[in-house]
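Engineer: Can you keep this structure in mind? I'll have questions shortly.
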Amino acid sequence: MAEKKPVPGSALELIDYPSRYPLKVFGNQGVEFEAIVLELVRARCPQVEHIEVSQRSSKTGKYIALTLTFTVYSEQQIKDIYQDLYECEHVVMSL
């Protein structure tokens with residue numbers, strides 16, 4: 001009989017670290033949203049030299065969507081980034 005592998009509690013457990021990680025963050029247009037988000041990510045990823053950023057505005061121009069791609073080194077690092085984004089008043093949603 002084949003041995004059963006444990007089921008991961010989170011998709012983050014399936015990532016082989018270090019790894020390039022895409023993060024999508026949505027917020028209100030009009031504030032220095034990109035700078036705020038980059039500052040939050042860099043605070044948790046001081047070893048990251050380059051973060052690729054692309055942005056797109058909503059049809060109405062009310063919101064902006066950023067996609068950041070950078071190297072992560074642990075599951076905890078990703079969880080900390082998501083928590084910081086959740087606590088940020090300028091962030092509407094992150095994926």
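Engineer: Go through segment 33-80 and give me each residue that's hydroxyl-bearing (Ser, Thr, Tyr) and within 19 Å of Met93 (Cβ to Cβ).
Structural biologist: Of everything in segment 33-80, those that are hydroxyl-bearing (Ser, Thr, Tyr) and within 19 Å of Met93 (Cβ to Cβ) turn out to be Ser54, Ser57, Ser58, Thr60, Tyr63, Thr67, Thr69.
Engineer: Also, quick follow-up: Just one of (1) closer than 24 Å to Ala11 by Cβ; (2) surrounded by fewer than 17 Cβ atoms within 10 Å (Cβ to Cβ) trips up Leu66, so point out which.
Structural biologist: Unmet for Leu66, out of (1) closer than 24 Å to Ala11 by Cβ; (2) surrounded by fewer than 17 Cβ atoms within 10 Å (Cβ to Cβ): (2).
Engineer: While we're looking at this one, here's another question. In segment 1-28, which residues are at pLDDT below 75 and either touching a Gly at 6+ places or on another chain (Cβ under 7 Å) or assigned to a loop (DSSP other than H, G, I, E, B) (or both)?
Structural biologist: Within segment 1-28, Met1, Ala2, Glu3, Lys4, Lys5, Pro6, Val7, Pro8, Gly9, Ser10 qualify.
Engineer: Let me ask you something else. Find the residue count for segment 77-95, including only residues that are among the polar types (S, T, N, Q) and modelled with pLDDT of 95 or more.
Structural biologist: 1
Engineer: Six or more apart or on different chains, Cβ atoms under 9 Å: show the pairs whose first residue is in segment 38-50 and under 14 Å from Gln76 (Cα atoms) and whose second is part of a loop (DSSP other than H, G, I, E, B) and of a type in the set (A, V, I, L, M).
Structural biologist: Val41/Val48; Val41/Ile51; Cys45/Ile51
Engineer: Is there any pair with a first residue in segment 17-32 that is closer than 16 Å to Met93 by Cα and a second that is surrounded by 11 or more Cβ atoms within 10 Å (Cβ to Cβ) and of a type in the set (Gly, Ala, Ser) whose Cβ atoms are under 6 Å apart and which are 6 or more apart or on different chains, and what are they?
Structural biologist: Going by the 6 Å Cβ cut-off, the qualifying pairs are Val25/Ser94; Phe26/Ala65.
Engineer: Which of the residues that make up segment 30-44 are buried (at least 16 other Cβ atoms within 10 Å of the Cβ) and not basic (Lys, Arg)?
Structural biologist: Passing the criteria: Phe33, Ile36, Val37, Leu38, Leu40, Val41.
Residue by residue, here is whether (1) surrounded by 11 or more Cβ atoms within 10 Å (Cβ to Cβ); (2) in contact with a Cys (Cβ under 8 Å, 6 or more places away or on another chain); (3) among the small types (Gly, Ala, Ser); (4) under 20 Å from Leu14 (Cβ atoms) holds:
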site	(1), (2), (3), (4)
Lys24	yes, no, no, yes
Asn28	yes, no, no, no
Pro46	no, no, no, no
Val72	yes, yes, no, yes
Ile78	yes, no, no, yes
Asp84	yes, no, no, no
Val92	yes, no, no, no
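The values are calculated or read from the model by the stated rules, or taken from the named source; none is laboratory data. Values in this document were obtained by computation on a predicted structure and should not be read as measured data. Methodologically, a virtual Cβ is constructed for each residue, glycine included, from the backbone with ideal geometry; neighbour enumeration extends over all protein chains shown.
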